[in-house]
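Structure provided below as structure tokens; questions to follow.
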Amino acid sequence: MRPGQIERRTHDYARHGTTSLFAALDTESGELIGQTQRRHRSMEFRSFLDTIEENVPPHLDIHPILDNYGTHKTQLVRDWLAKRPRFHLHFTPTSASWLNLVERWFARLTEKQLRRGVHRSTKELETAIKNFIQHHNKNPKPFVWHKTADQILDSVARFCKRTLDSGH
């Protein structure tokens, strides 16, 4: 890269494996509990719930906000939750995961760590993610909304109206 040169990507990007990042963001402190898993099934999600339970003081209730992925709703997970009344699951509407604040954290991970990275193996990718989480948690900061809910909804309504008016 040189000053003034636009970013380029090759058409033949070679993926050397994938991983799933399970993450729980403390919206008050900005601290993140994260765990990478090679698969994204209910047993991996249940394992992550164990990790959350181990890392959150027992006197606190836990309110995970989740998308509607089927992994979050299996009998294995429901049975686990039935024994832990301090967990209160909240689901975002379908196609509205942007409402989940941890998605903003994922965007930061992508922007700052992953986008231009070259990971020659899944292990390298997982190490980069874990290092980013450790670095982040040394000085976590909560995300702060700068607009009210009404301002955001008004902005969305204006965007939708413009889109409809333009015929797109």
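The values are calculated or read from the model by the stated rules, or taken from the named source; none is laboratory data. These numbers were taken from a predicted model, which means no experiment stands behind them. So basically every Cβ, Gly included, is an ideal-geometry build from the backbone, and we count neighbours across all protein chains shown. Calculation scope for accessible area: heavy atoms of the full protein, side chains included, ligands and nucleic acids excluded. Shrake-Rupley method; radii C 1.70, N 1.55, O 1.52, S 1.80 Å.
For residues that are in a loop (DSSP other than H, G, I, E, B) and not basic (Lys, Arg), tally how many sit in the range 13-55.
Number satisfying all stated conditions: 13.
To continue, here is another question. Residue pairs, Cβ under 8 Å, 6 or more apart or interchain, first in the range 52-78 and at negative phi, second part of a helix (DSSP H, G or I) and open to solvent by 80 Å² or more (accessible area, probe 1.4 Å). List them.
Listed pairs, sorted by first residue: 65/99; 76/43.
Additional query: Considering only residues that are touching a residue at least 40 places away in the same chain (Cβ under 8 Å) and more than 20 Å from residue 121 (Cβ to Cβ), look in the range 27-40 and name the one that is most open to solvent (accessible area, probe 1.4 Å).
Only one residue tops the list, namely 28.
I'm trying to understand the selection: among the residues of the range 41-61, which are more than 19 Å from residue 26 (Cβ to Cβ), out of contact with any Phe, Trp or Tyr (no Cβ under 9 Å at 6 or more places or on another chain) and surrounded by fewer than 17 Cβ atoms within 10 Å (Cβ to Cβ)?
41, 43
Taking the condition more than 13 Å from the chain's Cα centre (by Cα) and loosely packed, with under 12 Cβ neighbours inside 10 Å, does residue 94 pass?
Against the criterion (more than 13 Å from the chain's Cα centre (by Cα) and loosely packed, with under 12 Cβ neighbours inside 10 Å), residue 94 qualifies.
Does the range 4-26 contain any residue that is at pLDDT 95 or above, open to solvent by less than 90 Å² (accessible area, probe 1.4 Å) and under 14 Å from the mean Cα position of the chain (by Cα)?
No - not one qualifying residue is present in the range 4-26.
I would also like to ask the following. Just to be sure before I move on: is residue 130 free of Cβ contacts under 8 Å to residues at least 12 places away in the same chain, open to solvent by 40 Å² or more (accessible area, probe 1.4 Å) and closer than 19 Å to residue 44 by Cα in the structure I sent?
no
Same structure, new question: If you go through the range 105-119 one residue at a time, do you hit one that is open to solvent by less than 50 Å² (accessible area, probe 1.4 Å) and either over 16 Å from the mean Cα position of the chain (by Cα) or on the phi > 0 side of the Ramachandran plot (or both)?
Yes, there is a match, as at least one residue in the range 105-119 is open to solvent by less than 50 Å² (accessible area, probe 1.4 Å) and either over 16 Å from the mean Cα position of the chain (by Cα) or on the phi > 0 side of the Ramachandran plot (or both).
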